[in-house]
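Novice: I'd like to ask you about the structure that follows.
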């Protein structure tokens, strides 16, 4: 991983932990009435992509699949747990096709600060949309796993591990403006110039070629 990406990731994690301490467990609390559509968006820019690192790390995942988001999502600590149904498997347990799993998305809502905090280049999944996902299974003790509704997976690497099957190009985000969640809800990923959009799309196409088309 390049020094630039490593520094950016460390800063994001530190800022998130600071917010976590400030809000005293608000990640588990209910909203106070303000709709999440009015939450501010925490932006980290410009985008910095290490394509070679991402392509290398994607080889380490347990499951590569096409999924559809059910719309059911629950808050967790600096993340959200989203339930999807698996429609196709390109790597991993093919018996999971037609089954539900939980994906721990590393973008989340901080209710006390009224803020949406994205850790990934990509936005949260939208209901009934299809996504390609690259996941590592969470290994729990049997007793704990039996308490869960579904098996849980986390995306890896988080920068480029959950992205839509079909992209819709939108106007790039001006980071100098005050951005609300309702402004970017329908965005597939967050970008700040046409050049960044093209860069993300090119990496996405290369991932699909290597990990999905070549083994389908």
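The values are calculated or read from the model by the stated rules, or taken from the named source; none is laboratory data. If you're wondering where the values come from, they're calculated on a predicted model, not measured in any experiment. Heads up, the Cβs are rebuilt from the backbone with ideal geometry, glycines too, and the neighbour counts pull from every protein chain shown.
Novice: Hey, among the residues in segment 188-216 that are in contact with a strand residue (DSSP E or B) (Cβ under 9 Å, 6 or more places away or on another chain), surrounded by fewer than 19 Cβ atoms within 10 Å (Cβ to Cβ) and not in a helix (DSSP H, G or I), which one's modelled with the highest pLDDT?
Specialist: 212
Yes/no matrix, rows are residues, columns are (1) in a loop (DSSP other than H, G, I, E, B); (2) free of Cβ contacts under 8 Å to residues at least 60 places away in the same chain; (3) in contact with a strand residue (DSSP E or B) (Cβ under 6 Å, 6 or more places away or on another chain):
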position: 70; (1), (2), (3): no, yes, yes
position: 83; (1), (2), (3): no, no, yes
position: 102; (1), (2), (3): no, yes, yes
position: 112; (1), (2), (3): yes, no, no
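Novice: Output the residues belonging to segment 147-163 that are more than 10 Å from residue 58 (Cα to Cα), part of a loop (DSSP other than H, G, I, E, B) and touching a residue at least 24 places away in the same chain (Cβ under 8 Å).
Specialist: Matches in segment 147-163: 148, 149, 150, 151.
Novice: With at pLDDT below 90 and touching a strand residue (DSSP E or B) at 6+ places or on another chain (Cβ under 6 Å) as the only criterion, which of 122, 150 stands out? Before you say what the answer is, go through the steps one by one.
Specialist: Working: 150 fails: at pLDDT below 90.
Answer to the check: 122.
Novice: Residue under question is residue 135, and the condition is that it be outside any strand (DSSP E or B), within 23 Å of residue 201 (Cβ to Cβ) and modelled with pLDDT of 90 or more; does it hold?
Specialist: no
Novice: Tell me which residues, restricted to segment 167-187, are in a loop (DSSP other than H, G, I, E, B) and at pLDDT 90 or above. Before you say what the answer is, go through the steps one by one.
Specialist: First, the residues of segment 167-187 that are in a loop (DSSP other than H, G, I, E, B): 167-179, 185-187.
If the condition is that a residue be in a loop (DSSP other than H, G, I, E, B) and at pLDDT 90 or above, then 179, 185, 186, 187 are the ones that fit.
Residue-wise test of (1) closer than 13 Å to residue 122 by Cα; (2) touching a helix residue (DSSP H, G or I) at 6+ places or on another chain (Cβ under 9 Å).
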| residue | (1), (2) |
| --- | --- |
| 139 | no, yes |
| 142 | no, no |
| 146 | no, no |
| 156 | yes, yes |
| 160 | yes, yes |
| 163 | yes, yes |
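Novice: Quick check on segment 24-47. Is at least one of its residues under 15 Å from residue 161 (Cβ atoms) and modelled with pLDDT under 90?
Specialist: Checking segment 24-47: not a single residue is under 15 Å from residue 161 (Cβ atoms) and modelled with pLDDT under 90.
Novice: Please work out which residue is surrounded by the most Cβ atoms within 10 Å (Cβ to Cβ), limiting yourself to segment 175-187 and to residues that are farther than 13 Å from residue 124 by Cα and out of contact with any helix residue (DSSP H, G or I) (no Cβ under 8 Å at 6 or more places or on another chain). Reasoning before the result, please.
Specialist: Within segment 175-187, the first condition is being farther than 13 Å from residue 124 by Cα, and the residues that meet it are 175-180, 183.
Of the ones still in play, those that are also out of contact with any helix residue (DSSP H, G or I) (no Cβ under 8 Å at 6 or more places or on another chain) are 175-179, 183.
Values: 175: 14, 176: 7, 177: 9, 178: 8, 179: 18, 183: 13.
Among residues in segment 175-187 that are farther than 13 Å from residue 124 by Cα and out of contact with any helix residue (DSSP H, G or I) (no Cβ under 8 Å at 6 or more places or on another chain), the one surrounded by the most Cβ atoms within 10 Å (Cβ to Cβ) is 179.
Novice: If you check residue 103 against the conditions, is it crowded, with 21+ Cβ neighbours inside 10 Å, more than 14 Å from the chain's Cα centre (by Cα) and closer than 30 Å to residue 213 by Cβ?
Specialist: Values: crowded, with 21+ Cβ neighbours inside 10 Å: yes; more than 14 Å from the chain's Cα centre (by Cα): no; closer than 30 Å to residue 213 by Cβ: yes.
Answer is no for this residue.
Novice: If you don't mind, another one. Quick one: would you say residue 129 is modelled with pLDDT of 95 or more, out of contact with any helix residue (DSSP H, G or I) (no Cβ under 9 Å at 6 or more places or on another chain) and closer than 20 Å to residue 207 by Cα? Quick ask: steps written out before the conclusion?
Specialist: Values: modelled with pLDDT of 95 or more: yes; out of contact with any helix residue (DSSP H, G or I) (no Cβ under 9 Å at 6 or more places or on another chain): yes; closer than 20 Å to residue 207 by Cα: yes.
Criteria met by residue 129.
Novice: Right, next: Taking segment 132-174, which residues are more than 10 Å from the chain's Cα centre (by Cα), within 18 Å of residue 210 (Cβ to Cβ) and crowded, with 22+ Cβ neighbours inside 10 Å?
Specialist: Scanning segment 132-174 gives 134, 135.
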